[in-house]
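Trainee: Before I ask anything, here is the structure I am working with.
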Amino acid sequence: MANRGDSRPFIAIKIDAFQRLLMWYFLSGTIPYYLVTEFPKSGGSWMCQMISECLSIPFPRNKRPAIKNLGKPCVLHGHLSYNSNFKNVVCVIRDGRDVMVSAYYHSLFHNDRNVHWLVDKRRAELCFSDYDNIKDNLPTFIEYMFSKGSGSVFRYTWDKFNLSWNDKNIPIVRYEDLLDNCAATLQKTLFKLIGKNISYDRISNTVEKYSFKNVAQRNRGEEDCNSFIRKGIYGDWKNKFTRKACKVFDYYAGDALLKLKYENNRRWINSY
């Protein structure tokens, strides 16, 4: 069984995922389905919840739509790289250095939404003597994420996934912008998605409902490594990266960091 609040057998979960994949490729422009894609740990689930609330349509999280809702609009979430078949799609991106930190905790610590046997498997593969020592472990974990981990943890590496969506004519939402000004970012994204404005009251009520404080029941920045919603900030990589981690990340994804405008030059490598 998958330990993620889902009691279905593993094969049922796989079949469900395949059905949703078909919906992405063949039905997103017809029903319509509203698609939210992200490299994992970039804020995609949060965006799905807010779009669902603002448009008053279901968001079947990690499941295909219920039978009674088949053929009706809903929000679908995935981790798919660019494909021209996808319609009504939003891509959420996040600084890859913060993604590495977030993925470290999600991959190596049990939380309320991850698959516990996969966490145990990754721990066995990495064999760290002290999993709480993220500073020493991070360089090796980053290498893992850009090599073996890209296949066993996620489908694509962070750089290849995000660059596949770069410069495409679809809404790109930065996780950092959602944290800085969620209401304005959400309103602008929805206008691009559906071609009309949603009332600001509805937007602001939605933002409040799904704020970190309301959902996690703690303030942003208060860390809980056993929660899927761990910390709710950006820039935390500066507290975790060593010089060695900076160099390893730059080796694998430094060019993408520049192309996505998370840095203007490579001087950041020697700043930590």
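Trainee: When the Cα centres of segment 91-135 and segment 167-243 are compared, how far apart do they sit, in Å?
Mentor: Taking the Cα centre of segment 167-243 as reference, the centre of segment 91-135 is 21 Å away.
Trainee: With contacts defined as alpha carbon pairs under 8 Å and 6 or more residues apart, what's the relative contact order of segment 1-99 in percent? Please list the in-between numbers first.
Mentor: Values: 143 pairs, mean separation 36.8, N = 99.
After rounding, I find 37 percent.
Trainee: Would you mind computing the Rg to Rh ratio of the chain from its alpha-carbon coordinates, Kirkwood style for Rh?
Mentor: Numbers: Rg = 18.5 Å, Rh = 19.5 Å.
For the chain, the value is 0.95.
Trainee: Whenever you get a sec, compute what percent of the accessible area on segment 210-272 sits on carbon and sulfur atoms (1.4 Å probe).
Mentor: About 44 percent, which is the carbon plus sulfur part of the accessible surface.
Trainee: Per residue, how many Å² of accessible area does segment 76-215 show with a 1.4 Å probe?
Mentor: Value for segment 76-215: 45 Å² per residue.
Trainee: With a cut-off of 8 Å between alpha carbons and a minimum separation of six or more residues, what is the relative contact order of the chain in percent?
Mentor: Values: 365 pairs, mean separation 56.5, N = 272.
Relative CO of the chain lands at 21 percent.
Trainee: Could you tell me the relative contact order of segment 164-272? Use alpha-carbon pairs under 8 Å, at least six residues apart, and round to a whole percent.
Mentor: Here the relative contact order equals 16 percent.
Trainee: Per residue and in cubic angstrom, what volume does the convex hull of the Cα atoms of segment 1-115 have?
Mentor: 108 Å³
Trainee: Let me ask you something else. Separation between the L22 and A184 pseudo-spin-labels, each 7 Å from Cα along Cα→Cβ, expressed in nm?
Mentor: Inter-label distance under the simple model: 4.4 nm.
The values are calculated or read from the model by the stated rules, or taken from the named source; none is laboratory data. All values reported here derive from a predicted model rather than from experimental measurement. Cβ atoms come from the backbone with ideal geometry, glycine included; neighbour counts cover every protein chain shown. Each accessible area value is taken on the protein alone, full model and side chains, heavy atoms only, with ligands, DNA and RNA left out. Shrake-Rupley method; radii C 1.70, N 1.55, O 1.52, S 1.80 Å.
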